[in-house]
Structures are given as C-alpha cells and as structure tokens.
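Heads up: the structure comes next, in structure tokens.
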Amino acid sequence: MTLKDILPTKLGFGAAPLGNMFRDIPEAEARATVEAAWNDGIRYFDNAPFYGAGLAEIRMGEALAGKPRGDYIISTKVGRVILDEIEDVTSRDLGEKGDVFKYGRPNKIVNDYSEDATYRSIEDSLKRLKTDQIDVAFVHDVAQDFYGDEWLSIFETARKGAFKALDRMRDEGVIKAWGLGVNRVEPIELLLALEGPRPDGFLLAGRYTLLDHDSALQRVMPQVAERGLGVVVGGPYSSGALVGGSNFEYAPATPAILDKVARIKAIADRYGISMKAAGLQFALGHPAVAAVIPGASQPSRITEDSGAFGETIPADFWRELRAANLVNPEAPLPISN
C-alpha cells in the first residue's frame, strides 16, 4: 500500500503553523483552524514533534479528539525526541530554520534517528495526538539543510535505525506507510537507490512548486511515479513568496524569485486566477503527487486554500506559462485536453 492508496483527500493540512511558527498563535485560533479544515472536508493532517516541540501535535490531538478515527489520516515524523526537560530556545541549532519555532514550547529537542528513538517518538506522538494509530511516519529532515556536512552520517544512522524500525512497524501493521519528510531531493534519491528498506512515499517540501521544481522533476519524480509511490508536496507557496510574501525558503526572496512571481502573477491576473490556485494545481498536475499540504494558522486561510483547490483554471493559462519559460517544459500540467 503506497501513499497514493492511503491518503483520502488531495488537499491536506500542514500543521507546522500550529507549533507557533513565526508567531504566538492563540489556542482558540489554532483550534478554529483545524475545525475549519475539517468542515471544509479535509481528512489528511500532517504533523511532526519538531513543530513547536510537540505543540502542534498537542493542539491537533485536542482538536480532532471528538472525530471518528476511521474518517481521517494522520502523518507525523520521527528523528526528533521531545523531552520534559526545558532548554534555552535561543541556543537551539536548527540548521536553516533557526527562528522558525522560537515561540513553541521550550522543551528540549533531541535529534535521534536510532531504532529505539524511533519507537519512542511514535509512542510519544500517539500520546500527544490522543490517538491509537499513526497512519504514516516520515523520517524528518535527514538532509543538508539541517545537518550541513554531517548529513550523510545522519542519513546512515537513520538507514540502520529509523528506516528499519519503520519498515518493520509497517510490515507488522503498526503504521500503514513510511518514507522521508525532507526539503531536499538528495536524501530521496539516496533511499530510492538502496536495495532495502522499502519506503511507501515521500513528503517533499518546497521542491515541487511553481517557483522551484526543476531538480525534483528531473531527479525524483520520475522514479517515484515509476515505482507507483506517492509524493506529498509541502510548502506549495514557497514560504509565502508565491502569494505575495517576502520570504522564499524561510529567507528574504531574491530579486530573481520576486521577478518570477511578478511575471506569473501578471498572467494569472489576466485570466482572473488566484496565485494560490496556480500553486496548488500546478503541484497536483504531476501524477506522482498524492496530496498537497499548505500550512495554515487561521480559518480564513483554510477557506482560501479550499477555494483555490476547486478554482477552474483555463488550459491557456498553463500554455502561456510554458511559452514564457515560467515552468519547466517537461513539467506535467493540469490540462485536460
């Protein structure tokens, strides 16, 4: 069973903002956002212990507590264990995302991709999420953006520990599927090249978007599609740059990125299309994509995402983007004719 078989909706909910990503989000607002997602028919929720040091999982667990467990799918991640011990959040080394969760819980975060830590991480997530099953487990951030020159040794630890543990848990029915949850294509390439263990799909954030898809398109997506696996696309709005924000990849967008956004938007405006619709539907146009999971911390954002998901986009819009070299010529586009 692959991710494409498991996920119930093409539009999912990325829970990173519930971990107080970039700002201190009131409890009522976080709860209302999950409720809005549920009321809009979203039934796939992605989370991670890393998001606010367990805060996003706790909030989601409370928000979904009264819902029938068989009606929705939860994915979460392993590789970070959250301790009861408190630490100085300003001294955390989080690679390129140093300040992203500075408003989260101050609990100590330990990077650990061993077999024992994987089992403990799943157990802890079950408690925080108030559920008896994790459907999908992703090994989180085994890539250069977090670990720099050490990333290959971290990957090797995960290969001997987390990968084997999750492979066993999947085969025993404890989880339904597992894979990597990363922001880079290299770890996915590396895992696909191994004879074993056997992942069921991947969560790839920021690398198959309207603004940045060349490397994933060439190096990862064909292999995933060939094997019948699925990719969950995270960060479809490229940290907000695509929809008018100032950040790309959690840093100020470069002039080249801002120019590309402006050129796409000029075409979208002529067709009366929202940039959110263009971003979501571009990602879903690839046959390997199982779901897209924009993050949200306000109910109004959920409404926007749902509307964008269902927006009608004329085929000529996509053709014009291609003619203007704003999408890779090899990228599958959501054109029905």
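Here the gap between Arg322 and Glu172, fully extended at 0.36 nm per residue and compared with their Cα-Cα distance, gives a gain of 49.4 nm.
Within the set of other residues whose C-beta is less than 9 Å from the C-beta of Phe22, count the net charge using Lys and Arg as +1 and Asp and Glu as -1.
Working: positive: Arg23, Lys102; negative: Asp99.
Cβ neighbours under 9 Å give a net charge of +1.
The distance linking the range 258-332 with the range 1-60 is 22 Å (Cα centroid to Cα centroid, whole angstrom). Ligands, DNA and RNA are left out, and with a 1.4 angstrom probe the accessible area of the range 229-299 is 35 Å² per residue.
Within the range 29-103, what whole-number % of the accessible surface is contributed by carbon and sulfur, with the 1.4 Å probe and all protein chains included in the calculation? Roughly 45 percent, rounded to a whole number. Apply 1/(1 + (r/R0)^6) to the Cβ-Cβ distance of Arg43 and Ala256, taking R0 = 45 Å, and write down the FRET efficiency to the nearest 0.05. Here the calculated transfer efficiency is 0.75. Compared with the dominant Cα axis of the chain, that is its longest principal axis, helix 299-310 is turned about 50°.
For the chain, what does -39500 (n - 2.57) per DSSP helix run (n ≥ 4), summed and divided by total residues, give at 222 nm, in deg cm²/dmol to the nearest 500? The helix-only estimate for the chain comes to -11500 deg cm²/dmol at 222 nm. Expressed as an acute angle from 0 to 90° and rounded to the nearest 10, what is the orientation of the C-alpha long axis of helix 162-171 relative to the principal long axis of the chain? That works out to roughly 90 degrees.
Starting with the highest mean, order 263-276, 167-180 by the number of other Cβ atoms within 10 Å, averaged over the residues of each peptide. Could you put the intermediate results ahead of the total?
Values: 263-276: 16.2, 167-180: 18.8.
Order by mean packing, descending: 167-180, 263-276.
Give the relative contact order (percent, whole number) for the range 2-80; include only Cα pairs under 8 Å separated by 6+ residues. Averaging sequence separation for qualifying contacts and normalising by length gives 39 percent for the range 2-80. A full extension of the chain between Arg219 and Ala266 corresponds to an added length of 13.9 nm, given 0.36 nm per residue minus the alpha carbon distance.
With the other protein chains left in place, how much accessible area per residue, in square angstrom, belongs to the range 77-144 at a 1.4 angstrom probe? Show your work: numbers first, answer last.
Numbers: 3170 Å² over 68 residues.
Here the residues of the range 77-144 average 47 Å² of exposed surface.
Tilt of helix 255-271 relative to the longest C-alpha principal axis of the chain, in degrees (0 to 90, nearest 10)? Around 60 degrees separate the two axes. Would you mind telling me the share, in percent, of accessible area of the range 113-271 contributed by carbon and sulfur at probe 1.4 angstrom? C and S atoms contribute 50 percent here.
Computed over neighbours whose Cβ is under 12 Å from that of Leu166, the net charge equals +2, Lys and Arg +1, Asp and Glu -1.
The DSSP beta bridges internal to the range 68-196 are antiparallel in roughly 30% of cases.
The values are calculated or read from the model by the stated rules, or taken from the named source; none is laboratory data. Nothing here was measured: the structure is a model prediction, and the numbers come from that model. Glycine also receives a Cβ, built like all others from the backbone with ideal geometry; neighbour counts cover every protein chain displayed. To get the accessible areas, we keep the full protein, side chains included, count just its heavy atoms, and leave off ligands, DNA and RNA. Shrake-Rupley method; radii C 1.70, N 1.55, O 1.52, S 1.80 Å.
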